[in-house]
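Presented below is the structure to which this report refers.
The values are calculated or read from the model by the stated rules, or taken from the named source; none is laboratory data. Keep in mind that this is a model prediction, so the values were computed, not measured. The area values use the complete protein model at the heavy-atom level, side chains included, leaving out ligands, DNA and RNA. Shrake-Rupley method; radii C 1.70, N 1.55, O 1.52, S 1.80 Å.
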Amino acid sequence: MLRDAVEFHAKGGKLVRLEFPRTEVQHFGNVAITYSRYLYEIDQGGKRSVTSGRVIEIFVLRDRQWTNPGWHTDEEK
């Protein structure tokens, strides 16, 4: 993912818009799970494209600090 981001930037790609129009959080003791919808728009060489999807993230409270051990994303078709 990081290599792709570096290549995108090196080729002049730009993030035009980033939105999280809906996010819900559930707490279970020392665990929090977020469910979000996302949308982003990029510009590559004057051509714009919009992508949207869902993301689920898991946060765990350890030693009074929140960590993010995992997430899952998928694109809407």
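Worth pointing out:
- Selected from Phe28, Phe59, Phe20 as most flexible by GNM, with the chain as the system and alpha-carbon contacts under 10 Å: Phe28
- Contour minus Cα-Cα distance for Ala5 and Glu41 (0.36 nm per residue): 11.5 nm
- In this view, the solvent-accessible surface of Thr23, computed with a 1.4 Å probe and all protein chains in place, comes to about 80 Å².
- Alpha-carbon Rg with Dmax, taken over the chain, Å: 15.6, 47
- When the chain is treated as a GNM with alpha-carbon contacts under 10 Å, the residue of Arg54, Arg64, Arg17 showing the greatest mean-square fluctuation is Arg64.
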